[in-house]
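The values are calculated or read from the model by the stated rules, or taken from the named source; none is laboratory data. These figures come from a predicted structure and were not determined experimentally. Quick reminder, even Gly has a Cβ in these numbers, built from the backbone with ideal geometry, and neighbours come from all protein chains shown. Protein only, heavy atoms only, side chains kept; ligands, DNA and RNA dropped before computing areas. Shrake-Rupley method; radii C 1.70, N 1.55, O 1.52, S 1.80 Å.
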Amino acid sequence: MPAALLRLDDLNTMNAAEFVDALGSVFEHSPWTAERAHGRRPFADVGALHRAMVDAVRRASRAEQLALLRAHPELAGRQAQAGTLTTHSRAEQKGAGLVDLTPAEKQRIARLNAAYRAKFGFPFIIAVRNYTRSEIFAELERRLAHDAATELAGCLAQVYEIARLRLEGMIAV
């Protein structure tokens, strides 16, 4: 995350490259969301910016939406263990206590992550800042029972919430 908060007034005057550079990380490894939202400037507030970015995802093809979901890391997965998470994801997973799992919890989440990915074709996504560690495990188990369409919609909703939280943390109000 940036050291200094971005100002909405500055974002509203940035060219496309600057805008994408500033906000391209909001949706995990998917700078196209910022690129497509850029043309909707000026934004009256952070909520308007968020809505423009979400709209870019909603208008995207199904293949682009799936690529966006697949760009997310598994919770406490390989990327977390290798230290290769994005700055946002690292802070979010750490804040949720997912870097301090017991060996049994690591085995459990690995098993659940594998089952989830096998069933749906993308990783389990949840706005971890809104949940405790035990609630995250419970949600993962509960959502494994969903059908593919329900879970696709649910993951996109979680991605939108993650983006909202990230934007609120990045932009001075």
Original post:
Restricted to the stretch 59-82, and to residues that are among the basic types (K, R) and without any contact (Cβ under 8 Å) to a residue 24 or more places away in the chain, which residue is nearest to I136 (Cα to Cα)?
Top reply: R78
Original post:
So H29 fits all but one of (1) at positive phi; (2) at pLDDT 95 or above; what number is the exception?
Top reply: (2)
Subject >> Matching residues, the stretch 15-32, being buried (at least 20 other Cβ atoms within 10 Å of the Cβ), under 19 Å from E161 (Cβ atoms) and without any contact (Cβ under 8 Å) to a residue 60 or more places away in the chain >> reply: S30
Original post:
Among the residues of the stretch 1-14, which ones are without any contact (Cβ under 8 Å) to a residue 40 or more places away in the chain and open to solvent by less than 80 Å² (accessible area, probe 1.4 Å)?
Top reply: A4, D10, N12, M14
Original post:
Quick one: how many residues across the stretch 36-75 are open to solvent by less than 20 Å² (accessible area, probe 1.4 Å) and of a type in the set (V, I, T)?
Top reply: 2
**OP:** Output the number of residues of the stretch 85-115 satisfying the condition of being among the charged types (D, E, K, R) and more than 27 Å from S30 (Cβ to Cβ).
**Re:** 5
Original post:
Taking the stretch 66-112 as the region of interest, how many residues are under 15 Å from F122 (Cβ atoms), under 17 Å from the mean Cα position of the chain (by Cα) and of a type in the set (A, V, I, L, M, F, W, C)?
Top reply: 6
**OP:** Give the number of residues within the stretch 51-65 that are in a helix (DSSP H, G or I) and over 13 Å from the mean Cα position of the chain (by Cα).
**Re:** 9
Original post:
Any residue in the stretch 85-97 that is without any contact (Cβ under 8 Å) to a residue 40 or more places away in the chain, among the hydroxyl-bearing types (S, T, Y) and open to solvent by 60 Å² or more (accessible area, probe 1.4 Å)?
Top reply: no
